[in-house]
Amino acid sequence: MPLQNMSLRKLLKIMFLPARAQQSALRTDIREERAREAPDQNDEGGGDFYAPFWADAKAHAFGEGDLRDLVADRIASNGRRAKLYPLLRDGFLLWWNQRRRWTNQPFQPGRVLRARHGIPALDAVVKIDSIMSVRDADGVEHYVYPYFAPEPPLSDEAARFALWLLGQALPDVPHGELRILDVIRGRTFSIDRVPLHGDEEAQFHERYAALLRQRDHLRGGPT
């Protein structure tokens, strides 16, 4: 997934990694971009590692399965999931069972939301998908955008960037109903908990531009 056409969650992860890990992530991005450009090679992305888990988390939320059983089945079918899927499961259940504020059950799926937020000055597009839309018994919809990465933890600053960008990309969604869920840690962020400072756009663009400059510099050396 090239840096200039990347999902919000992956971009946040790279933005806030420590310097060495960030450089490694950018080198991986360069290798994957070159692989896609080569006519005799296939995309090595391997699909979205986290998509099956998130589908199961949604099924759990809507009473269509038990996440413990669903994750066990996923691991049985693919051993690569054995390390992270239990962490994701436990974090999601911690939030869902103990920290979630919504109480008006039963919950039903809400509208499907996707967006692409363009940043012309950087010739970049940030992709937004996988939002969990939940309609409660009173007809109120709640929206949860997942952050899956084991490292780094989602910080308040990263969450503010995400909340700002989601608000820009999804203007028809009530901003107060948006949540960013750091899945592994079972922690949500919203504008009532991490109010926007007003400089999120400038700060986000500055960090993004710095990543692009570093990526372009690394392209000139071995990857």
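Below are the figures for this structure:
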quantity	calculated
Exclusive hit being open to solvent by less than 50 Å² (accessible area, probe 1.4 Å), at pLDDT 95 or above and not in a helix (DSSP H, G or I), set 179, 185	179
Checking residue 158 against (1) assigned to a loop (DSSP other than H, G, I, E, B); (2) closer than 22 Å to residue 51 by Cβ, the condition it does not meet	(1)
Residue in the stretch 138-147 that is surrounded by fewer than 16 Cβ atoms within 10 Å (Cβ to Cβ) and either closer than 19 Å to residue 200 by Cα or out of contact with any helix residue (DSSP H, G or I) (no Cβ under 8 Å at 6 or more places or on another chain) (or both) present	yes
Members of the stretch 188-214 found to be free of Cβ contacts under 8 Å to residues at least 60 places away in the same chain, under 27 Å from residue 30 (Cα atoms) and open to solvent by 60 Å² or more (accessible area, probe 1.4 Å), listed by number	201, 202, 203, 206, 213
Residue 91 vs. criteria within 20 Å of the chain's Cα centre (by Cα), modelled with pLDDT under 95 and either small (Gly, Ala, Ser) or open to solvent by 50 Å² or more (accessible area, probe 1.4 Å) (or both)	no
Check on residue 198, part of a strand (DSSP E or B) and at pLDDT 95 or above	no
Failed condition for residue 106, given (1) in a loop (DSSP other than H, G, I, E, B); (2) crowded, with 16+ Cβ neighbours inside 10 Å	(2)
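The values are calculated or read from the model by the stated rules, or taken from the named source; none is laboratory data. None of these values were measured; they are calculated from a predicted model. Ideal geometry is used to build each Cβ from the backbone, glycine not excepted, and the neighbour counts take in all protein chains shown. Heads up: the accessible areas ignore ligands, DNA and RNA and are worked out on the full protein's heavy atoms, side chains in. Shrake-Rupley method; radii C 1.70, N 1.55, O 1.52, S 1.80 Å.
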